[in-house]
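One structure below.
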Amino acid sequence: MPRFERYVAIGDSTVEGLDDPDGHGGYRGWANRLAEKLAAAQGSVLYANLAIRGRTTGQIRREQLDAALGMRPDLVALVSGTNDLLRPHFDADALREDVETMQSALTGIGASVITFTLPDLGDVMPLARMVRGRLLRMNQIIRDAGAKTGTIVCDFAAYPVAADPRLWSDDRLHANTAGHARIAEALAEHLGLEGADRSWSEPLPDAPPPHWGDRLRAEAAWTRRHLLPWLWRHAQGRSSGDGITPKFPRLTLIRHYTPEA
């Protein structure tokens, strides 16, 4: 089993941990959960999380890459792309350059880099079907960059369970607590951590489809609570990440405590 001493996570709200509440007013998220798994497997790990919600891949490269490199990590979780998909103009060439540059810079200092593709959420959020073409291109960019740079790619897009609505939060853009737990399990398995297996890829138990009336009410509630505020915020040129700072801007020691007999 590999051992990682310095683990750094960079990216957007997905990496920050939305929507997996930590019970103290913040967010736990799969990146924290992976740090806990590393600590459990090897006793401790130094962990930093520089992610900020609302950031595009280009912003992550400009704002987070140098800081991550300066920490001399031996493991980096790098995930971005959702905000690129939602912008009025999608520049696939710029995305490819940013992804490859970040992956190459991190693997170039000897770090193991892990990332993942995004599933098709057309069934979770019908509006996502409008950017399906962009999503397919972005996922292929991530796969191609990973093959070129030696980055580990967890291809969630290839697993139907990743798009199960029961693993996504009310806003339909972020995983819920169960979803974050599955992501952490998947990354642990891809890294070869002790005790990790492929149970994360198993489908959830069958459930009856929602009644059409319930679906209509859910769509109306989602539009009112999430879509309209998002449209208004972006019309004003504001981001959900305005005023937000990284939750772990410096390497922090995470220990695994075992209860005394």
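Read-outs throughout are calculated quantities, based only on the coordinates presented, and are distinct from any laboratory measurement. Predicted model, so just to flag it, every value in this text is computed and none were measured. Counting neighbours? That spans all protein chains shown, and the Cβs are built from the backbone with ideal geometry, glycine included.
To one decimal place, what Kirkwood hydrodynamic radius in Å is obtained for the chain from all pairs of distinct Cα atoms? Working shown, then result.
On the way: mean 1/r = 0.0527 Å⁻¹.
One over the average 1/r among Cα pairs gives 19.0 Å for the chain.
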**Fill in**
Extension length gain for LEU253 and ALA158 (0.36 nm per residue less Cα distance), in nm, is 30.8 nm
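Is there a quick way to get the dipole size of segment 60-170? I mean about its Cα centre, with the Cβ of Lys and Arg at +1 and of Asp and Glu at -1; what is the value in debye to the nearest 20? Can you show the working numbers first?
On the way: 12 positive and 15 negative charges, 24 e Å.
The calculation lands at about 120 debye.
To the nearest 20 debye, what charge dipole does the chain have about its Cα centre, counting +1 at the Cβ of each Lys and Arg and -1 at the Cβ of each Asp and Glu?
Working: 31 positive and 33 negative charges, 121 e Å.
The calculation lands at about 580 debye.
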**Distance in nm between pseudo-label sites at ASP197 and ALA92 (7 Å out along the Cβ direction from Cα)** = 4.0 nm
**Prompt:** Stretch GLU63-ASP22 to full length: gain in nm at 0.36 nm per residue minus the Cα-Cα span?
**Reply:** 12.2 nm
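Take the eigenvalues of the Cα gyration tensor for segment 28-82, scale each by 5, and report the square roots as semi-axes in whole Å, largest first. Could the numbers behind the result be given before it?
Working: eigenvalues 101, 38, 11 Å².
Equivalent-ellipsoid dimensions as semi-axes: 22, 14, 7 Å.
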**Message:** Can you tell me the convex hull volume per residue for segment 4-108, based on C-alpha atoms, in Å³ to the nearest whole number?
**Reply:** 97 Å³
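Stretch THR101-ARG238 to full length: gain in nm at 0.36 nm per residue minus the Cα-Cα span?
Length gained between THR101 and ARG238: 46.6 nm.
Go through 135-147, 31-43 and give me the packing order, highest mean Cβ count within 10 Å leading. Mind dumping the intermediate values first?
Details: 135-147: 19.1, 31-43: 21.5.
Order by mean packing, descending: 31-43, 135-147.
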**Prompt:** Based on the Cβ-Cβ distance from ARG217 to GLU5, what FRET efficiency comes out when R0 is 35 Å, to the nearest 0.05?
**Reply:** 0.10
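In deg cm²/dmol and to the nearest 500, what is the mean residue ellipticity at 222 nm of the chain if only DSSP H runs of at least 4 residues count, each as -39500 (n - 2.57), divided by the residue total? Please report the intermediate quantities before stating the final value.
Working: 10 runs with 105 residues, N = 261.
Value at 222 nm, helices only, nearest 500: -12000 deg cm²/dmol.
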